[in-house]
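Colleague: Structure in structure tokens, see below.
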Amino acid sequence: MIYQQLGEPYRRPGGTSHFFKKIGVKFGFGGKNIVVDSGIGFHLINGISKTHTADIDRLDGVRIDLIIITHLHADHIGGGPALAKRHPEAIVIMSRPTWLGGWIILSDAFKIAKKNQEQARYRGEEPEPFLFDHDDMVEFFERAIVLDHPQWISPWKGWEMGFSNCGHTRGAMSIFIIPPHGRPICITGDCCSQNQELTRGVLVPGVPTTVTSM
């Protein structure tokens, strides 16, 4: 397995993304390519808010088998529609709270992008292109597999994936991946052991018990 950090190019919150290449490879063959999160962040340049994203350009021409969104915050889901549009071959998985709240988060991000374009044009500057449009958002959520976690799923023959609560916010997930070959791995987005306003903290992710076939 090969791991690449694609996100947070400005070394500040935003643009989180992780690429796991050739998970479960055997004798140099097989394996799956999985991306966990694709976020956005914002920073000011000359008084205008600019968007920074994960470096998803590095994935152009690479087959992505699965995109997992760990939770609904913009620094983890904000670039999801753009990534999914570039990779129609990928399965998209997120929790139900992420699916429900993600639409609001992405709609707000789109409004911010429109405002930034208006500010740039007013100042005679070239506006940033949109990362995604309304249709991209609709397609992203329509194709998503929505999980009521904690539970196990089997996305491909011989594979097991467990999704468990990890605190932080409603629907935030830790992911256990057991491939047919190679070492099991555990992935998580933001997590928290202290109780939050909307969810209980999790000291150690629990082991899912429900199994769902795909």
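Colleague: Within the chain, how many Lys pairs sit with Cα atoms under 26 Å apart, leaving out pairs fewer than 8 places apart on the same chain?
Modeller: Lysine pairs meeting the criterion: 17.
Colleague: Turning to a different aspect of this structure: What list of ³J(HN,Hα) couplings, whole Hz, do you get for segment 170-183 from phi and the Karplus terms 6.51, -1.76, 1.60, once you set θ to phi - 60° and write x for glycine and proline?
Modeller: Residue by residue, segment 170-183 yields 4, x, 5, 10, 9, 10, 9, 10, 10, x, x, 9, x, 7 Hz.
Colleague: Equivalent-ellipsoid semi-axes (√(5λ), Cα gyration tensor) for segment 26-91, whole Å, largest first?
Modeller: Whole-Å semi-axes of the equivalent ellipsoid: 28, 12, 10.
Colleague: Is any residue of segment 63-102 close enough, with backbone N under 16 Å, to a label point placed 7 angstrom from the Cα of Lys115 along the Cα-Cβ axis, and if so, which?
Modeller: It comes to 74, nothing else.
Colleague: Taking the chain as a Gaussian network, Cα atoms linked when under 10 Å apart, which of Gly39, Gly80, Gly31 shows the biggest mean-square fluctuation?
Modeller: Gly31
Colleague: Run the numbers on the chain and let me know its relative contact order in percent, using alpha-carbon pairs under 8 Å that are six or more apart.
Modeller: For the chain, the relative contact order is 16 percent.
Colleague: Residue farthest toward the positive end of the dipole of the chain, with Cβ of Lys/Arg at +1 and Asp/Glu at -1: which of Asn46, Thr70, Val202?
Modeller: Going by the charge dipole, the pick is Val202.
Colleague: Still on this structure, I have one more. Which loop-located trypsin sites (Lys or Arg not before Pro) does segment 1-106 contain, where loop means any DSSP state but H, G, I, E or B and the Cβ has at most 12 other Cβ atoms within 10 Å?
Modeller: On the way: sites: Arg11, Lys21, Lys22, Lys26, Lys32, Lys50, Arg58, Arg63, Lys85, Arg86; in loops: Arg11, Arg63.
Those that pass, being in a loop and sparsely packed, are Arg11, Arg63.
Colleague: Rounded to the nearest 0.05, what FRET efficiency do Ile2 and Glu142 give with R0 = 35 Å and r taken as the Cβ-Cβ distance? Could you check?
Modeller: 0.70
Colleague: Could you derive backbone 3J(HN,Hα) for segment 158-163 from the dihedral phi with the Karplus parameters 6.51, -1.76 and 1.60 (θ = phi - 60°), listing whole Hz in sequence and x where the residue is Gly or Pro?
Modeller: For segment 158-163, the Karplus-derived couplings read x, 9, 10, 10, x, 10 Hz, x marking Gly and Pro.
Colleague: Next question. Just the isolated ones, please: cysteines in the chain lacking another cysteine beta carbon under 4.7 angstrom.
Modeller: Lacking a cysteine Cβ partner under 4.7 Å: Cys186, Cys192.
Colleague: Accessible area per residue for the chain in Å², computed with a 1.4 Å probe and the full protein assembly in place, what is it?
Modeller: Details: 11230 Å² over 214 residues.
Spelled out: the 1.4 Å probe surface of the chain, per residue, equals 52 Å².
Colleague: If you don't mind, another one. Work out the length of the dipole vector of the chain about its Cα centre, built from +1 on the beta-carbon of each Lys and Arg and -1 on the beta-carbon of each Asp and Glu, and round it to the nearest 20 debye.
Modeller: Roughly 500 debye for the chain.
Colleague: Could you work out how much longer the chain between Trp103 and Lys26 gets when fully extended? Use 0.36 nm per residue separation minus the Cα distance between them, nm to one decimal.
Modeller: Length difference between fully extended and current span is 23.9 nm.
Colleague: So which residue, out of Asp37, Asp57, Asp108, gets the largest mean-square fluctuation from a GNM of the chain using Cα contacts under 10 Å as springs?
Modeller: Asp57
Colleague: So which trypsin sites (Lys or Arg not before Pro) in segment 120-153 pass both tests, a DSSP loop state and at most 15 other Cβ atoms within 10 Å of the Cβ?
Modeller: Passing both the DSSP loop test and the Cβ count: Arg123, Arg143.
Colleague: Name the most mobile residue of Ser38, Ser49, Ser17, meaning the one with the largest mean-square fluctuation, in a Gaussian network model of the chain with Cα contacts below 10 Å.
Modeller: Ser49
Colleague: With N residues in the chain, what two-decimal value do you get for its Cα radius of gyration over 2.2 N^0.38 Å? Intermediate results must be reported in sequence, preceding the final value.
Modeller: Working: Rg = 17.6 Å, N = 214, 2.2 N^0.38 = 16.9 Å.
With N residues counted in the chain, Rg over 2.2 N^0.38 Å equals 1.04.
Colleague: Of the chain, which part is the longest with no chymotrypsin sites (Phe, Trp or Tyr not before Pro) in a loop (DSSP not H, G, I, E, B) and with at most 13 other C-beta atoms within 10 angstrom?
Modeller: Details: sites that count: Tyr10, Phe27.
That gives 28-214 as the longest site-free run.
Colleague: In whole angstrom, how far apart do the alpha carbon centroids of segment 66-81 and segment 148-189 sit?
Modeller: 16 Å
Colleague: If I ignore ligands, DNA and RNA and count only protein heavy atoms, how much of Thr169 is accessible to a 1.4 Å probe, in Å² to the nearest 10?
Modeller: Approximately 20 Å² of Thr169 is accessible to the 1.4 Å probe.
Colleague: With the full set of protein chains in place, find how many percent of the accessible area of segment 1-158 is carbon and sulfur; take the probe as 1.4 Å.
Modeller: Exposed carbon and sulfur together represent 54 percent of the surface.
Colleague: Using only helices, what value at 222 nm comes out for the chain when you add -39,500 (n - 2.57) per DSSP H run of length 4 or more and divide by the total residues, to the nearest 500 deg cm²/dmol?
Modeller: That calculation yields -7000 deg cm²/dmol at 222 nm.
Colleague: Moving on. If amide H atoms are built 1.01 Å from N in the plane of the peptide, which residues on other chains or at least 5 residues away come under 5 Å of the amide H of Thr188?
Modeller: Counting only residues 5 or more places away or on other chains, the set is Ile175.
The values are calculated or read from the model by the stated rules, or taken from the named source; none is laboratory data. None of these values were measured; they are calculated from a predicted model. Every residue, glycine as well, gets a Cβ built from its backbone with ideal geometry; the counts of neighbours run over all protein chains shown. Each accessible area value is taken on the protein alone, full model and side chains, heavy atoms only, with ligands, DNA and RNA left out. Shrake-Rupley method; radii C 1.70, N 1.55, O 1.52, S 1.80 Å.
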